[in-house]
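A short write-up of the structure that comes next.
The values are calculated or read from the model by the stated rules, or taken from the named source; none is laboratory data. Computed from a prediction, not measured in an experiment: that's the story for all the values here. Here the Cβ positions follow ideal geometry from the backbone for every residue, glycine too, while neighbour counts run over all protein chains shown. Just so you know, the surface numbers come from the protein's heavy atoms only, side chains and all, with ligands and any DNA or RNA stripped out. Shrake-Rupley method; radii C 1.70, N 1.55, O 1.52, S 1.80 Å.
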Amino acid sequence: MFHTSLILEDALAHPYLTSLHDISDEPVCMTPFSFDFEQHALTEEQMKELIYREALAFNPEYQQ
């Protein structure tokens, strides 16, 4: 079986996404951006702390 990769614009134009696709509400980024900020190696404890803080951001009533 042979798979080809779609570019984003082709994927959005696919009939499966017709009901979600609105060309007037889909801006295009003209310059590439970097995800380097996601490349930091975290310890298990650091990851737990980040998840905890994120949960508190959505549930401030649990803050002490």
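The charge dipole of the chain, taken about its Cα centre with unit charges on the Cβ atoms of Lys, Arg (+1), Asp and Glu (-1) only, comes to about 80 debye. Taking the accessible area of the chain, probe 1.4 Å, and keeping the other protein chains in place, the carbon and sulfur fraction comes to 61%. Per residue, the chain exposes 105 Å² of accessible surface when a 1.4 Å probe is rolled over the protein heavy atoms with every protein chain present. Each 5 Å bin from zero holds the following percent of Cα-Cα pairs in the chain: 3, 11, 12, 11, 11, 11, 17, 16, 6, 1, 0. Converting phi to 3J(HN,Hα) with the Karplus coefficients 6.51, -1.76 and 1.60 and the offset θ = phi - 60°, the stretch 24-32 yields 6, 10, 10, x, 10, 7, 7, 10, x Hz in sequence order, with x at every glycine or proline.
Karplus-derived 3J(HN,Hα) values for the stretch 47-57, using 6.51 cos²θ - 1.76 cosθ + 1.60 with θ = phi - 60°, are 5, 4, 5, 5, 5, 4, 5, 5, 4, 5, 4 Hz; glycine and proline are entered as x. Relative protection proxy for 35-43, 11-19, 55-63, from highest mean packing down: 11-19, 55-63, 35-43 (other beta-carbon atoms within 10 angstrom). Adding -39500 (n - 2.57) for every DSSP H run of four residues or longer, then dividing by how many residues the chain holds, sets the calculated 222 nm ellipticity at -9000 deg cm²/dmol.
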